[in-house]
Each structure stands twice: as C-alpha cells, then as structure tokens.
Amino acid sequence: MLEAIDLTKTYDNTVAVDRLNLKIQPGEVYGLLGPNGAGKTTTINLFLGFTEPNTGTAKVGGLDVQVAPLETKRLLAYIPEQVMLYQNLSGLENLAYFTALAGHDHYGDTDLRGFLGQAGLQAEAHTRRVSTYSKGMRQKVGIALALAKEAKALLLDEPTSGLDPSASFEFSELLRGLSKRGVAVLMATHDLFRAKDVATRVGLMHSGHLVRELSGDELRDADLQAIYLEHMRGAVLA
Amino acid sequence: MLKTILRFEAKLLRADGTALLTAGVFLALIGYAGYVGIQYADEQQAVLETHAAQYAERIAGIRQEVVEMEAEMIRKGEALDTKVELGRRHPYMVGSAQGRVITLMPGPLSPFAVGQSDLQPNALRVTMGGSQALGGAASLENPFKLLVGHFDLAFVFVFLFPLLILALTFGLTASERETGLLRMVLAQPVRLTTLAAGKVMVRAVLLFACAVLGTGAVLLMTGANGGGGRWLLWLLVVFIYGGFWMALAAFVDSRVQRPVTGGLVLAVCWLAFVVVIPALINVVASTLYPVPSRMEYVTAMRTETSVAQQQGAASLAQFFDDHPELASVEADEADYAMLRVARDERIAEALAPVEARFAAQKARQQQFIRSLGYLSPAVLAQQAFLDLADTGHARYAAFTATVEALHTDWKAYFVPKYFAGLAFRPSDYDAVPAFTFSDFSTVDVLKRMAGPLTALVLISALLGMVAYRRYTRTTLIA
C-alpha cells in the first residue's frame, strides 16, 4: 500500500532521505524509529506530497504521489504530533469539514458521531469547541477522520508524543483496530516501547538511511532499546 | 469541493465573529457616510433651487414692471422704441444688473460623493462682465473639511473598504500555514489554489453583499431619482476595486510564510496606493506644471480695473477701434453701460494671458494626474466614483466651458443693444441667450471609466494569475 523506491530528498546539500526503499503491506504497522533529523518526518512529507523528492518515487496504492497527488490523498489519513483543528468549531464540525474535503460529504451527524465514538471521543465532547480539547482528544478526531475517510494507509508522525500512558495505550488499541481492518500504518516515532507494542515491523533510520529492519519474531524477542542504541552509536562513531 | 470550502469558510467566519464584526462595521460606515452625503446633497439642492427661484421671481418682477411702464406710456401716447436712460427699461438691467443665474443641479448619485461640489461653483450669475459664483449655506464650508474631504461613500469605498478587505484576507492561508492547520487540510484531496479561491470568494461575497445592501438603502433613501443605472455602475467599480485588493491579498499570501509578514506588506501597500502615491502625483503635477499664483491674478485684476476706470475715455476709444461697427456713438455720448462694457473688455484682454496660462497649466495637471492615476487603483476608483456621482472634474470642466460659451453669446447679444441704447422690451426677455448644458449621460460616464476600469481588471487578473501559479507550485516544505 505504501512504497518508497530509491526515495531521496536533500535540503541545501543536506541529505534528509537517502535512497530509501520501503514497502508496507495492508494491515501492517510499520514503526519508523530514529533520532531527530534521521529523515522520518521527511519520509512522511514525501508520502503526503508536501515536498518533492530529488529522485525516486513515493507510491500510495500503487500511484505515484507526485503524478496523482489528489488520488493518493484519498487513500491516506495523516495524524501529526499535534492534530491541528479549527479552534472555534466543535470536533463534530471539524470532522464534517475534513471528511467533506476528502469527498465523503454524504455523512450525516449520526454517522460522524459514530466515527468519533469509535475513535473513543466521549459523546459530550462532540459538540464542544476544539479549543477545549486535550491533545489526546484531538488525536481521536484524527483517528475518526481516518475511519470516516476509509483510509487505506495511515501516516503518523510522533502520534504518542506528549500523551499520558493511558491515552497512549488507548491510541495503540485504535491502531491495532485499524490494522485489523487492513489499513497500512507508517508510524514515525521516538517511542520504542509503543513501537514494539503495536508495530508488526520496525525500521531504524539514521541520517536518511534505513540502517536496520526488524519484523515478526525478531522484533518480539529483540531488546529494541539496545539495538537502537547500538545502531545510533555505531552510526555516530562511523 | 469549492462548494464545501465556501460553506465551511462561511461557518468559520461566523463562528469566530469576524464576519459579523466586519459586516457590522462596514454597514455602519456606509450608513453614516450615506447620511452625511444625503444631508449635504439636500442642503445643496435647496440652495440651488432657492437661487433659481429667486432669480426667476426677480426677472419676472422686472418684466412685469416694464409691461406696466409700457402700458402707462401707451396710455400717455409715448413711443416705446426709443433711446432710454439707465433704468428698468435699459438693456443694462438684464444684461449686467441681473444677468442670468444658472445652476448645476446635483446628479442622482450626488449624495454618494461630495467630490468637487464643495470647491467648484454650482450656481453662477453670468453678466456682461463675466460670471460670478453665487454663495449660499452650502458654500460656507469649514476649511478643514475642504482640506480633508467629507466622510462620504466615496471616502468609505476608496479608503476604508480596502482596509476591511485586508483585515479579512491578510492571513488567507498563511495563518493556517503558521498553525500547522494547512498540513491537515492539504492532507485531504484538495488543492491549495481551490482552498485560497474559496476563502477569497466567501470574503468577497460577504463584503459585496454589504456594499449592495448598504448603498442600495442609501439610494432608496435619496428617492433613487433615476439613479439605478449609476448605482449599478457604482457597484461595478466597487467590485473591480475590491477585486484588486483581494487579488493583491492573495498575491501577498501566496508569497509569505507568516500572516504577520503578509499583514505588514499589505499595510504598506495600502499606505502606498491610497495615501502616498496619490499625494506624490499631486505634488509632482504641481511642481511640473505650476499654475500662476492667485495673488498674481488678483493683483493684475485690481491694477487693470483701476487703470480702466481711470482711463474710461481711452478705454472706450480703444473699444471702438476694436469694434468699428459700434463706433456710431460719440465718446461724450457714452453712458455708464458703454463705459462699463469697454472697461470689462479691457480688463478681460489684460487678464487673458494670465487666465490662459492658468487654464493651460491646470489642464496639463489634470492630464498628468489622469495619466499617472494608473499607478494607484485608489486614484482610478476615486475618479470613477466622482464621475458617477456627477461631482468629478470632467462635469465641472464641461459646465465651465458651457458657461463661458453663454458669456460669449451674452455679450454678442447685449453689446449692440447697449450701444444702440434702445429700450429692452418685454418680448426681448424671451430672446436672451439661453443656457443649455447637455449633462453627461450614464453611457458617457461609462465610456470615460472604461479605460481605467479595464486597466484595473488587467492588473488584478495579473496579480491573481501570479498568485495562482505560486499556490500551484507551493510545497508545504521547501
């Protein structure tokens, strides 16, 4: 569903992503780990078409993001570290707008409330102004949007950063639910614990390179923190 | 997609109170300016009607007196077509003492723009000696008001309307870019150009609806007076002028990352286009084409008047040299009326070069301002608004030219009568030169506006196209 083929992006002679090759299948949750500046967010930006690659291709559902930007966005949902919404509108109104932008303007209030409920947002908050929402509540509106859009792929950029453990756990449950529905998830994160908990595969990124991948049993049995530190220190020494 | 954005943007403007506040302020400004304009126009209309009525009454009275005098003369068996002394029956009574009072009545949209109506004479008395402006309550204007102008609808639309547009549009997409909201929006299948277009359209509809409602109400309060066509053209100018500011806001928004930067750039643009450039154009026009000082003119007039009075006989001799067809009168037979004609002509001849230089320099200044007006949309809009309200330079220039033509006809008609010295009969009242001013039609005004408005549309289209290209090529991350 998500595919990077020799994807390269440089900013002012600094290589942010260097010949990245990555393929994420439907139902997979891919945890992209790495320190600040490793190229995780740039990878997500490339899948969203927010920036142009220097070389290589980012594909969503087999479509080149640069060639078919609107079609690929129909398949995608995106949840950044801070889900920004219109402060003067309610969660319900925000969801109505974003789903309408995504081409799903046929939903009624009941449908939208259903999505917010599935995402775990309490009913009393649906019609409250977003300016009163916590970060976790806004993340839930983002998840509701992914559900309403019937997204085939989900891009997450540090989604659990700043969430309390309970909200973080709740978020992991939601991701597992989406994974079961066949949604391909790419989650850029520093949170090794959450990655190990929810991801079906993780990749370690450093200076734009994907330096290591772990999946299945390898991931379950691994001391992810040790491997992470080993690679990051090794990369620094190298 | 556009429909979704329009619907949502309207909701968003409603939710944060921006729409209500802007619309309220705009309608209040229009309401107050309309009230000021209607008051001024009503007052002016009343003064002009008074002048016209008083003149008609005076002339009718004198004519009636002459009729009665002639009836008495007939009764006494006296001849009517004889030479007369200065008095009720002398042509001087109509040609110089009364003259003809002419008024330039306000147009149907005059309450919309005071324009030059507080500077130029709207009522004149044309006599053998020339034309003099008639005063009235409306002409006794506060000098400060003359300097800064009236708070009328033209002021609201030329100066304040752009500020309202900029207040609503300065952070079109830049504010969402700054907060990160734009990432959420553009993660949906929507183009930045569509989003920006939707935002501009909602704001345009809101402000234009206020302009239609507000000015429509003012028009109805004036009684419309057949000004419907002018009003529609006024709205066209509002639309085009507003379109320029919207296009400029989009152009700036497409090039900045932060709304505060965009706001600052637009504020500077407003200052430049609305205040600085028009002022500079005026300064440069006065510097390049300076008009002779009014002091010089007044001094020359006094000197010539004094000389002409002292040399009454010499002036008359000179006059007969210039008009041999009237030289049947001996200098010692000349009466006051004849001497006055000779004196006026001598003064007019002496002042003609100064007046010609003044007129030529003024014309050059106007031409210069017309040409350089293209540097400022505010100047173009102002000219269009004044033209539509019949208070612009063109109408007063045409009016002045018609008055001058009447003055020439007046002299041509009365000078032979003065020198013949024959009685001015009641039937002669109907034969004096008439004043016919063919006012500009709406089509004339439209023709004059077409060039500037087309230029404004082209500039706006260019800005819009550049903004469109920029939005199309913008990536959220450089």
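Here are the numbers:
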read-out	value
Average silhouette area of the protein assembly as shown, convex hull of alpha-carbon atoms, in square nanometres	41.9 nm²
Pairwise burial B:A, computed as accessible area of each alone minus the pair, summed, 1.4 Å, Å²	2600 Å²
Amide H within-cut-off set for A:Ala184, under 5 Å, with H built and near neighbours excluded	A:Gly27, A:Ala153, A:Leu154
C-alpha long axis of helix A:165-180 to longest principal axis of chain A, angle in °	90 degrees
Percentage relative contact order, region A:31-117, counting C-alpha pairs under 8 Å, at least six apart	15 percent
Mean projection area, nm², convex hull over Cα of region A:2-237	12.8 nm²
Region A:84-153: Rg to Rh, with Rh as the Kirkwood radius over Cα pairs	0.92
Distant-in-sequence amide H partners of A:His209 (H built 1.01 Å from N, under 5 Å)	A:Asp18
Phi to ³J(HN,Hα) by Karplus 6.51 cos²θ - 1.76 cosθ + 1.60 over region A:54-69, Hz, x for Gly, Pro	6, 9, x, 9, 10, 10, 10, x, x, 9, 5, 4, 6, 7, 10, x
Among A:Ala222, A:Val60, A:Thr132 the positive-end extreme of the charge dipole of region A:2-237 (Cβ point charges)	A:Thr132
Occluded residues from region B:1-49, i.e. those whose accessible area drops by 10 Å² or more once the chain is not alone (1.4 Å probe)	B:Met1, B:Thr4, B:Ile5, B:Arg7, B:Phe8, B:Lys11, B:Leu12, B:Ala15, B:Asp16
Accessible surface of region A:2-237 [probe 1.4 Å, protein heavy atoms]: carbon and sulfur percent	49 percent
Dipole magnitude (debye, nearest 20) for region A:131-209, charges at Cβ of Lys, Arg, Asp, Glu	280 debye
Kyte-Doolittle mean at least -1.0, axial Cα span of 30 Å or more - DSSP H helices of chain B	B:18-76, B:192-222, B:228-253, B:336-372, B:393-420, B:442-473
10 Å Cβ neighbours from other chains, averaged over peptide A:42-54	2
DSSP bridge pairs, the protein assembly as shown: antiparallel proportion in percent, nearest 5	60 percent
Karplus (6.51, -1.76, 1.60) ³J(HN,Hα), θ = phi - 60°, over region A:95-104, in Hz, Gly and Pro reported as x	5, 4, 5, 5, 5, 5, 4, 7, x, 10
Degrees separating the helix A:109-118 axis from the principal Cα axis of chain A, which is the longest one	40 degrees
Inter-label distance for A:Tyr107 and A:Glu173, nm, one decimal - labels placed 7 Å from Cα along Cα-to-Cβ	2.1 nm
Gyration tensor verdict on region B:338-478 (Cα atoms; rounded if a/c is under 1.5, prolate if a/b is larger than b/c, oblate otherwise)	prolate
Ranked by how many other beta carbons lie within 10 Å on average, peptides A:13-24, A:89-100 from highest	A:89-100, A:13-24
Size of charge dipole - region A:2-237 - debye, nearest 20, with Cβ of Lys, Arg +1 and Asp, Glu -1, no other charges	240 debye
Counted charge near B:Arg448, where neighbours are those whose Cβ lies closer than 15 Å (Asp, Glu -1; Lys, Arg +1)	0
Helix-derived mean residue ellipticity, 222 nm - over chain A, DSSP H n ≥ 4, -39500 (n - 2.57), to 500	-12000 deg cm²/dmol
Fraction of the pair-distance distribution of region A:133-238 above 20 Å, Cα-Cα pairs, percent	44 percent
Region A:1-53 and region B:221-244: distance between their alpha carbon centers, rounded to Å	56 Å
Computed label-point distance, nm, for sites B:Arg88 and B:Arg58 using a 7 Å Cα→Cβ extension	1.7 nm
Dipole moment magnitude, nearest 20 debye, chain B about Cα centre, only Lys, Arg, Asp, Glu C-beta charged	3260 debye
Rounded to 10°, Cα long-axis angle of helix A:135-149 versus longest principal axis of chain A	80 degrees
Fraction of beta bridges assigned by DSSP in region A:2-237 that are antiparallel (%, nearest 5)	55 percent
Sequence ranges B:102-114, A:39-51, B:35-47, B:274-286, ranked by mean other-Cβ count within 10 angstrom, highest first	B:102-114, A:39-51, B:35-47, B:274-286
Share of carbon and sulfur in the accessible heavy-atom surface of chain B [1.4 Å probe, %]	63 percent
Net charge contributed by nearby residues that have their C-beta within less than 12 Å of B:Leu380 (K/R +1, D/E -1)	+1
Semi-axis lengths (Å, descending) of the ellipsoid that matches the C-alpha gyration tensor of chain B	61, 24, 15
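The values are calculated or read from the model by the stated rules, or taken from the named source; none is laboratory data. Keep in mind the model is a prediction, meaning the values are calculated, not measured. Every residue, glycine among them, receives a Cβ derived from its backbone with ideal geometry; neighbour counts consider all protein chains shown. Keep in mind that these areas ignore ligands, DNA and RNA; they rest on the heavy atoms of the full protein, side chains included. Shrake-Rupley method; radii C 1.70, N 1.55, O 1.52, S 1.80 Å.
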